[in-house]
Amino acid sequence: MIEAVTKGFKETFGYEPAGVWSAPGRANLIGEHTDYNEGFVLPFGIDKRTYVALSPRSDSICRVSSDIDGNTYQTDLSSKPVGLDWALYPLGVAWVMREWSKGGFDAYFTSNVPVGSGLSSSAAIECSIAVALNEIWSAGRTKQQLALIGQRAENDVVGAPTGMMDQTASMLAEADSAVFLDCQSLEAKPVSLNLEAHDLVVAVIDTRVAHRHSDGGYRVRRESCERGADILGVSSLRGLSVADLPRAEAELSEVDFRRVRHVITENQRVLDTLEALKNSDLERLGELLLASHASMAKDFEISIDELDLAVEVAMQSGAVGSRMTGGGFGGAAIAVINKNLLGSLEANCKAAFDKAGYLEPKIFPVVPSAGARRDR
Ligand code: ADP
Ligand code: MG
């Protein structure tokens, strides 16, 4: 990948890049739609990354190109980028970081993170360029600050109202670990997953049904959560616990109540998962993953038939637990499963999807991997 992105840069811009940086996609073990409610999440970086080869320029022009298409997009740092397709992600990061800029840059991206699969190719591209610019502009931002910069680019420039989980995972991830993040205090700590010791892997079942967060579903869920917090008199749903559910049911509309119940119970499930991991209690871990999926399917209503089938087949194939991962309305499910059962999981999923008339899913293991870094 490092060779490929260097070659792409040279072919596009005609000279050698100053360096190569990369950032991983992420899978979320548990804690979905809790980030923008100031709750808890437990994602990990995956062994699929977006690489950027980059060189500073002495003028204020920024050019970005990617093997995703043949196009090179160009802006000037003096104006906010608009309408530039995928280039809004990296140019958005540059825009948010402009106060530290020492001039423009040329950048070329190569990635093996599946796009639109809920594995956060968007955070991977944002975080790869954020670490690169932080270095070449001597911006001195911490990884935590760079994660928030990536989120701001996605919210304010791309226009997707997403929380901070994806960028935090991509920036702060560590090998063999998940990142436990408290989205209220912004405290983050690595949590050892220790899957290897139990011969377990996390398998991704990518339904290949693409989601888009800038579409309506995500925004409408956020609005339900904000309304719920407002009516119940708290600044965010983090201010509520399972004990508040009867009051929530009495005061909220039926739909808003179910949205709020998902968030409240999901926060508790993240904390319970930490406990289960600490005790190597795999049965409990499995129960929590399944309960999370059920809550997303029934209360939050962000699953789709393909994801429900993926979870069902994973469990029939002997998984410890399984759930959809990411924002929903498409994308991927994860299954924690014995590594010797990967082959049958793949065969069973493909057969079941074929029978149901769905697209052929992609099944692959992901290894918890390090966060954003310089590679060359
Ligand atoms: P996800 O983050 O789940 O993959 P998103 O819809 O949030 O899905 O982000 C996907 C978008 O991010 C793509 O449609 C594209 O605009 C941009 N993107 C991601 N990776 C790349 C890349 N390597 N090159 C160019 N654009 C990319
Ligand atoms: Mg995304």
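The values are calculated or read from the model by the stated rules, or taken from the named source; none is laboratory data. Here the structure is a predicted model, which means the values were calculated and not measured. Quick reminder, even Gly has a Cβ in these numbers, built from the backbone with ideal geometry, and neighbours come from all protein chains shown. Areas reflect the complete protein model, heavy atoms only, side chains present, ligands, DNA and RNA absent. Shrake-Rupley method; radii C 1.70, N 1.55, O 1.52, S 1.80 Å.
Listing for the model above:
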item	result
Angle between the chain longest axis and helix 254-278 axis [Cα atoms, degrees, rounded to 10]	80 degrees
Interatomic Cα distance distribution for the stretch 82-127, bins of 5 angstrom, percent	5, 18, 28, 25, 15, 6, 3, 0
Heavy-atom accessible area per residue - the stretch 193-366, 1.4 Å, Å²	44 Å²
Dipole magnitude of the chain about its Cα centre (Cβ charges: Lys, Arg +1; Asp, Glu -1), debye to nearest 20	740 debye
Above-threshold pairs, the threshold being 30 Å between Cα atoms, out of 10/102; 189/350; 10/362; 143/362; 7/362; 298/355	189/350; 10/362; 143/362
Rg/Rh ratio calculated on Cα atoms of the stretch 272-376 (Kirkwood radius)	1.00
Rounded tilt (10° steps) of 282-294 against the dominant C-alpha axis of the chain	80 degrees
Residue-by-residue Karplus 3J(HN,Hα) for the stretch 28-40, coefficients 6.51, -1.76, 1.60, Hz, glycine and proline x	9, 5, 6, x, 10, 6, 9, 4, 6, 9, 6, x, 10
Rg(Cα) / (2.2 N^0.38 Å) computed for the stretch 117-209, rounded to two decimals	1.20
The stretch 250-376, accessible surface, carbon-and-sulfur percent (1.4 angstrom probe)	50 percent
Percentage relative contact order, the stretch 10-59, counting C-alpha pairs under 8 Å, at least six apart	44 percent
FRET E, pair residue 186, residue 3, Förster distance 30 Å, beta-carbon r, rounded to 0.05	0.25
Under the Karplus curve 6.51 cos²θ - 1.76 cosθ + 1.60, θ = phi - 60°, whole-Hz ³J(HN,Hα) for the stretch 9-20, x wherever Gly or Pro sits	5, 5, 5, 7, 10, x, 8, 7, x, 6, x, 10
Over 22 Å [Cα-Cα, the stretch 226-328], rounded percent	37 percent
Dipole magnitude of the stretch 193-366 about its Cα centre (Cβ charges: Lys, Arg +1; Asp, Glu -1), debye to nearest 20	280 debye
Helix-only [θ]222 nm of the chain, DSSP H runs n ≥ 4, -39500 (n - 2.57) each, per residue, nearest 500	-12000 deg cm²/dmol
Computed over the stretch 193-366, Kirkwood Rh from alpha-carbon pairs, angstrom	17.1 Å
Computed over the chain: relative contact order in percent, which uses C-alpha pairs under 8 Å that are six or more apart	24 percent
Cα-based Rg of the chain normalised by 2.2 N^0.38 Å, two decimals	0.98
Debye log10 I(q)/I(0) for the stretch 1-155, one point scatterer per Cα, at q = 0.08, 0.14, 0.15 Å⁻¹	-0.21, -0.64, -0.74
Hypothetical label at residue 82: residues of the stretch 94-134 whose amide nitrogen lies under 12 Å (7 Å Cα-Cβ projection)	none
Of all accessible heavy-atom area on the stretch 9-158, the percent that carbon and sulfur account for (1.4 Å)	45 percent
Relative contact order computed over the stretch 193-366 (Cα-Cα under 8 Å; 6+ residues apart), in percent	34 percent
Inter-site label distance for residue 376 and residue 281 at 7 Å from Cα along Cβ, in nm	4.8 nm
Where labels lie 7 Å past Cα in the beta-carbon direction, separation of residue 364 and residue 71 in nm	2.5 nm
List 287, 32, ordered by accessible area with a 1.4 Å probe, largest first	287, 32
Cα-based reach from residue 48 at 18 Å (exclusive), listing aspartates and glutamates while leaving out same-chain residues under 8 positions away	3, 67, 126, 166, 174, 176, 206, 375
